[in-house]
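Colleague: Let me give you the structure first, and then I'll get to my questions.
Just so it is clear, none of the values below were taken in a lab; they were calculated from the coordinates. Please read these numbers as outputs of a predicted model, since none were measured by experiment. Positions of Cβ are backbone-derived with ideal geometry, glycine not excepted, and every protein chain shown enters the neighbour counts.
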Amino acid sequence: MKQQQLCSAIGERVLSRRGFLADAYTGLAAIGLVNLLNRDLRAEDVAPGLAASAAPWQPGRGLSHFPAKARRVLQIFCPGAASHIDLWEHKPALAKYHGQPLPGEENLVSFQGKNGNLMQSPWPFVPAGECGKPISSILPHMAQHVDDIAFVHSLTSKTNTHGPGCVFVNTGNPIEGFPSAGAWVSYALGSENENLPTYVAIPDVRGEPPNGKANWSNGFLPAEHQAVMMSTHQSIRNLKLPAGVSELEELATREFLSRLNAEHAASHPGNSELNARMAAYELAARMQLSAPGVSNLETEPESTHKLYGTGDPNSLKAAYARNCLLARRLLEQGVRYVSLYCASRASGVDGLLTWDAPMTLQADYERHCPIFDQPTAALLTDLKQRGLLDDTLVLWTTEFGRMPTHQAGLTGRDHNPDGFTCWMLGAGVKGGTSFGATDDFGRRAAVNPVTIWDYYATVMHLLGFDHTKLTYYYNGLDRRLTDVHGTVLREILA
């Protein structure tokens, strides 16, 4: 009787043991699919960046403290301390007093040693855009975007050393072990695309930046918020099934491991690394379908490749251009935070791999700027044409600036943590503006000095967060990206 009723319930189909197992298998797959789709539906039901009023804010749900202008971030980082006075901030006094001692610091000894006299920029600055902002003539493509950029010319750093400097600008602390800005955004907002990482770091073909992976570390946040490394010159490993393993075997193995992991995690509830590893395995399984597609640049039209310069005879420029194109594709697919690096750590030949230029500034920058200029400008153009800048915040950062003098006996500039430039554009940013300034020679921040905490307080504000309330309890303190500092730079907000 029961069998007849069951057969009637399933449309008079005869139920055998084999049929039951087949139905159970497809049913479990459907449950998994509904679970994934349900996450997307929940995200779509909520206005972007608007916290639910019925419940307190919780991290990782795609909600913010208040309505946001931006929902994702692209951070372009030039390691080696790119010179503010040779790229972004025009200082006519350097040309006027070229070859004379720096007033008040005639015998200055800085990081690399004794300084010589004032040195003008090797390249003239030319007015650009409707705002007439003077930009170095060595960056003709980037000059086309000045009307969209808000320059911050008065940043300061707590260190004059590359490794701690890079970590400081990326994490708000010069000591390793603290979460990067991208990790904080991953923690705060969670994923927009369950099939791709929330946070991706794209290292340069020349290598990782100073202090390497500490620049995109999760620090004390749960381990799942560390960036996943991707680039066009280094494919993601272990995405394809091994030879001789069928898809059904893979699914069965994954299900078995999932049960074991869940049981182990239940008995070790405080182990975030274990949970992150489990989440990483699950993400890797989903990336088997999504990652090859997003990293396949061959699907882009020839006009796009020409725009970026992916086929340039300069292999370093072509590699960086491909990474720029990958960055756009990742942002387009909902990756929350992309850290894109142009150059790497210091080498035995100063200025060869990094923007550090203590010995031969002109030769080094005439090598680096063509690599950076066209691909970066193309990325901004592409984002704008696709409407992605409406809700994408773009940051350009470096760890500190350069001295207005040349080093004694050399034609390069030494490290200068007392004044430098970073900028931002995109969602919620007032383009064509300049905030703060260094003194007449570019030596120190003189007008509206800015800390990296102020900079990130502004970033978090554009993402819809009160930076003082985005915290994580660790080692007896409510930690945050901006430490105990930070003031929103409202002058550069649209």
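Colleague: Give me the number: length gained by fully extending N117 to S258, i.e. 0.36 nm times residue separation minus the C-alpha to C-alpha distance, one decimal in nm.
Modeller: 44.2 nm
Colleague: For Y97, Y187, Y199, what ranking results if the residue with the fewest other Cβ atoms within 10 Å of its Cβ goes first?
Modeller: Lowest to highest Cβ neighbour count: Y97, Y187, Y199.
Colleague: Estimate the FRET efficiency between E250 and A363 by the formula 1/(1 + (r/R0)^6), using the beta-carbon distance for r and 41 Å for R0, to the nearest 0.05.
Modeller: Working from the Cβ atoms, E equals 0.20.
Colleague: Note the full-extension length gain between V126 and T304 as 0.36 nm times their separation in residues minus their Cα-Cα distance, in nm to one decimal.
Modeller: Stretched fully, the V126-T304 segment lengthens by 61.3 nm.
Colleague: What pairs from K430/K469; K96/K317; K69/K133; K96/K384 go past 31 Å between their alpha carbons?
Modeller: From K430/K469; K96/K317; K69/K133; K96/K384, over 31 Å: K96/K317; K96/K384.
Colleague: Right, something else. Calculate the spin-label point distance for Q58 paired with V447, positioning each point 7 Å from the Cα along the beta-carbon direction, and give it in nanometres.
Modeller: 4.8 nm
Colleague: Something else: If R0 is 45 Å, what FRET efficiency do you get for L297 and V109 from their C-beta distance, rounded to 0.05?
Modeller: Efficiency, rounded to the nearest 0.05: 0.40.
Colleague: A follow-up question, please. Please work out the Cα center distance from segment 373-423 to segment 313-362, rounded to the nearest Å.
Modeller: Cα centres, segment 373-423 to segment 313-362: 11 Å.
Colleague: Return the aspartates and glutamates within reach of K306: Cα separation strictly under 17 angstrom, same-chain partners fewer than 8 residues apart disregarded; answer none if there are no such residues.
Modeller: List returned: E298, D373, D382.
Colleague: Another one. Would you list, by chain and number, the aspartates and glutamates whose Cα falls below 20 Å from the Cα of K213, excluding same-chain residues fewer than 8 positions away?
Modeller: E176, D204, E224, E273, D356, E399
Colleague: Using r as the Cβ-Cβ distance of A266 and Q385, and R0 as 60 Å, what FRET efficiency do you calculate, to the nearest 0.05?
Modeller: 0.75
Colleague: A further question follows. In nm, what is the difference between 0.36 nm times the number of residues separating T487 and Q333 and their Cα-Cα distance?
Modeller: Length difference between fully extended and current span is 52.3 nm.
Colleague: Mark the label point 7 Å from the Cα of F66 along Cα→Cβ and return the residues of segment 433-455 whose backbone N is within less than 18 Å of it.
Modeller: The answer is 454-455.
Colleague: If packing is taken as the average number of other Cβ atoms within 10 Å across a peptide's residues, how do 129-139, 222-232, 431-441 rank, most packed first?
Modeller: Descending packing order for the listed peptides: 222-232, 431-441, 129-139.
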